[in-house]
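Colleague: I have a structure I would like to understand better, so I am pasting it below and will then ask my questions one at a time.
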Amino acid sequence: MSIEYNRIAVVGAGAWGTALAQVAAKAGRDVTLWARESEVVASVNGSHENTTFLPGIALDESLRATADLKEAAAADAVLMVTPAQHMRRVLEELAPDIAAGKPVVLCAKGIEQSTNRLLTEVLAEAMPQAAPAVLSGPSFAAEVARGLPTAVTLACEDEQVAEALAHAIGLPTFRPYYSSDLTGAEIGGAVKNVLAIACGIVEGKKFGDSARAALTTRGFAELTRLGLAMGARAETLAGLSGLGDLILTCNSPKSRNMSLGIALGEGKSLNDIMGARNSVSEGVHSATAVVALARHHGIEMPIAEAVADIVTGAATVDNVIAALLARPFRSET
């Protein structure tokens, strides 16, 4: 292969960023993990563990953490794993030191709430010289960090670059399937977070497995309508970054978004739920942006709208459920 990426930087040392750094280190790469928190840098370098965001998992001893973005910028490829709502700010900090054409892989899943922009659009504005890529798929951080098997989508306009990135971070237990459909890879990851909150509410309300399966399926129809309207390919939406991630996130309380929905369904307040967490439930922030994009494209997304109404306080959980169940019967397709 003519392209090789041996030095990998991971920007964002939450659970998912740490897991991806672990994967790249196990793949034999020279990995730098950037963290804003000094205690995370000290923990990773001192005890080879991220005690703040991924406790109990031993990290590869070759993995090194830093608080200096310039060190991250010097890598051959950069994986961006900061939360979606903070992505623009970190990209702008990093941009002056990123060489033209360097792959920057967006690994966060969400839509910028203030602008309703996909993260690829944020990257194009904040760091236009970068070669954009998206990594998304069914992947719980702790499972990936422990070496349990999964597969993901790695999308890049230049499939040769995508293939090289897949070889750089791929393992027998972490299998990147490459694609050129960035929009499709990104839409799946953003919308499934919103739908997972809805599925969590169904679980919290004890409506049963049948209701959750039906909601997941109708949610996938919403995801597909929006994705196709925005130029995504149907096969991407039905693949790992779309349907695959949706199945995972809507069926496990280990999902941050589903667990938040469960708590809402049990009657807890959003402020109390969010206040007790040190991790981001991105669906809360992306819900209104997803609905805004759907309206812009003339797409009907009643489940996403219901979640947006709940997290913004426009409607109660019970009122939203009653409204969804009262919708008129219609053709499935």
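Colleague: Efficiency by 1/(1 + (r/R0)^6): what FRET value for His48 and Ser331, r their Cβ-Cβ distance, R0 = 51 Å, to the nearest 0.05?
Modeller: The computed FRET efficiency comes out at 0.35.
Colleague: A further question on this structure: How much of Glu305 can a 1.4 Å solvent probe reach, expressed as accessible area in Å² and rounded to 10?
Modeller: My reading of the accessible area for Glu305 is about 60 Å².
Colleague: Give me the count of lysine pairs in the chain whose alpha carbons sit under 21 angstrom apart, restricted to pairs 8 or more positions apart or on different chains.
Modeller: Eligible lysine pairs with Cα atoms under 21 Å apart amount to 11.
Colleague: Determine the relative contact order of the stretch 1-109: mean sequence separation of Cα pairs under 8 Å and six or more apart, normalised by residue count, in whole percent.
Modeller: Values: 200 pairs, mean separation 32.0, N = 109.
Worked out over the stretch 1-109, it gives 29 percent.
Colleague: Per residue and in cubic angstrom, what volume does the convex hull of the Cα atoms of the stretch 187-285 have?
Modeller: 84
Colleague: Using +1 at the C-beta of Lys and Arg and -1 at the C-beta of Asp and Glu, which of Gly28, Gly219, Gly239 has the Cα lying farthest in the positive direction of the dipole of the chain?
Modeller: Among Gly28, Gly219, Gly239, the one farthest towards the positive end of the dipole of the chain is Gly219.
Colleague: Once neighbouring chains are kept in place and the probe is 1.4 Å, which whole percent of the accessible area of the stretch 1-127 is contributed by carbon and sulfur?
Modeller: The computed percentage sits at 48.
Colleague: Counting only heavy atoms of protein chains, what accessible area per residue, in Å², does the stretch 215-272 have with a probe of 1.4 Å? Spell out each step's value before the answer.
Modeller: Values: 2400 Å² over 58 residues.
On a per-residue basis, the stretch 215-272 sits at 41 Å².
Colleague: How many percent of the accessible area of the stretch 168-220 is carbon or sulfur, using a 1.4 Å probe?
Modeller: Summing carbon and sulfur atoms, their accessible area is 56 percent of the total for the stretch 168-220.
Colleague: Cβ under 10 Å from Leu237's Cβ, Leu237 left aside: what net charge do those residues give with Lys, Arg +1 and Asp, Glu -1?
Modeller: Here the count lands on 0.
Colleague: Give me the mean projected area, in nm² to one decimal, of the convex hull enclosing the Cα positions of the chain.
Modeller: 15.9
Colleague: For the stretch 1-126, report the accessible area per residue in Å² (1.4 Å probe, heavy atoms, rounded to an integer).
Modeller: 38
Colleague: To continue, here is another question. With charges set only on the Cβ (+1 for Lys and Arg, -1 for Asp and Glu), what does the dipole of the chain come to about its Cα centre, in debye to the nearest 20?
Modeller: 740
Colleague: Within the chain, which cysteines find no other Cys whose Cβ is under 4.7 angstrom from their own?
Modeller: So, Cys107, Cys156.
Colleague: Sticking with this structure for a sec: Peptides 217-226, 104-113, 294-303: what's the order by average Cβ count within 10 Å, highest mean first?
Modeller: The peptides rank, most packed first, as 104-113, 217-226, 294-303.
The values are calculated or read from the model by the stated rules, or taken from the named source; none is laboratory data. Computed from a prediction, not measured in an experiment: that's the story for all the values here. For neighbour counting, all protein chains shown are included, and Cβ atoms are generated from backbone atoms with ideal geometry for every residue, glycine included. Accessible surface areas use protein heavy atoms only, side chains included; no ligands, DNA or RNA. Shrake-Rupley method; radii C 1.70, N 1.55, O 1.52, S 1.80 Å.
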